[in-house]
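Here the structure comes first, spelled out in structure tokens, and everything after it is commentary.
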Amino acid sequence: MAHTAHQTEEKVKEIYDSAEEVERKCQLLAKMIKESKHMVAFTGAGISTSAGIPDFRGPTGKWTREAKGLKPLKGISTLSAHPTATHMSLVKLEQEGVLKYLISQNCDGLHVRSGFNQKKLSELHGNGNKTMCELCGQSYFYDAKCPVKKDFARFKRDRWTGKYCLHNDCGGRQLKTTICFGQDLPDEPLRLAEDHSEKADFHLALGSSLTVTPAADCPQTTAWKDDGKLVIVNLQVTPLTKDAEFQIYAKTDDVMKRVMELLQYDIPPFRLRRKLVCGVEPNGKGLYVRGVDADDLTLEHRYVKAATWSEPKLGESGFDHAGQIVESAISDNGFGIPFMPCDFMDKMEDQQKVHVPVTLEFFGHYDEPNLVVTNDFTEAYRSQQRVEYLWSLELDPIQKEWSVAAELSTIPKATKRVKDNSFGRLCAKYVTSFLVEKGYSKVQAHKKWNTYVRRHSQNVDETTVAVYKKEQKKELLAALSKS
């Protein structure tokens, strides 16, 4: 917010090293990266400015302008922005095994679009395109912003987006995952960030003012270790500048392009990569399609706007999927249709296959053309067997051309997932603390909130709600004992 803006012109001022100084420091930085055993990177809004997204505390940053009573500058939509050279450099360093973990304060979703390994990323302040079920912890990535629905919210600080969990055994409310000022950070991303900062012998902070804690405590943890080193790339002096080995006063893209050149790594071009499941359950849901995460195939991605299924057709080539066992749950996302029997099954020759095309329409933030993928569903028609495929889609955002590949799906049974309501409890704490500030007792605040959650969830599994309320009660008793 505006109150977090730099308070003096001296702190707002941007500094630029000379070209000779930048080169000298880039040489040192490349050497330190090469020699590191456990490198961690920390990113802030400054790495996205070259994509057209304004930062927060720069001379024209959002909070800087608001502190002066000015409206924020409009930038490109985060939904259509291209990941920068810095984003793609980090992707390459992780792929090469050099970068062990990435900690980010950014909510713009560009680390996700860049293709960075999600299992090695902590987005400490959330993601503007991601929601999470407050009762079971299921995550959903949208090809759209996920605003809080003010018309639904009956409580100040409620994070409900108006959407519900798609799992049949849940139906909890989907909450916006971006973190507000004064709200605690999610436990698991913060724990992983802190653990890797403790392990790190080298920490690279890119485009961050390093003023917001506890996120900024991570690079400080590494810098204060006996064997830890910190390098900062930022145009402004930061609170940790004095703790760093050195700071490069230059734009992050300029630095990372030169460093990658010195390391002899090519920066990969940005490609929009997506995973898609297409399947058929003859005796149940019928034909269906859904997006999944590239690193965690049990997560839902909501980047298909519409799916139009065509009539079955006979073909010559396809997959050998006889005997395929598919256990994954099928979420009801509105892109399925009933199973369509074939009147030509009795006329088929042994080698003929049954193909069913589906036309996919996307939201078009990158001007993605429609795409037709054709699925071999022979066994579904021949033996009433469930068949499912995992499609890998890749778009060249410049040429606007798709490349696709398919494989038999091996996504695990979703009902084995571990339900985690920690994020829901974190958001509940944020709401109930406001109610207490307004005069409610802690008991009244928690009772009021639990009643509201129960009333506004859909098809809620009673066991899930019982666990939620039990953990809420534990937190309440703990809070009361400290009062």
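The numbers here are math on the coordinates, done by the rules we state, and not lab data. Only a predicted model underlies this, so the values are computations on that prediction, with no experimental measurement involved. All Cβ positions, glycine included, derive from the backbone under ideal geometry; neighbour counts span all protein chains shown.
Structure values in brief
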{"quantity": "Sites Asp266 and Glu23, calculated FRET efficiency, Cβ-Cβ separation with R0 25 Å, nearest 0.05", "calculated": "0.80"}
{"quantity": "Relative packing of 364-375, 314-325, 332-343, which averages over residues the other C-beta atoms within 10 Å, highest first", "calculated": "364-375, 332-343, 314-325"}
{"quantity": "Scattering curve values for the stretch 272-416, log₁₀ I(q)/I(0), Debye with Cα scatterers, q = 0.15, 0.21 Å⁻¹", "calculated": "-0.75, -1.39"}
{"quantity": "Full-stretch length increase - Ser403, Lys31 - with 0.36 nm per residue and alpha-carbon distance subtracted", "calculated": "130.2 nm"}
{"quantity": "Packing rank of 164-171, 90-97, where each peptide gets the mean count of other beta carbons within 10 Å, highest leading", "calculated": "164-171, 90-97"}
{"quantity": "Residues Phe344, Phe202, sorted so that the one with the fewest Cβ neighbours within 10 Å comes first", "calculated": "Phe344, Phe202"}
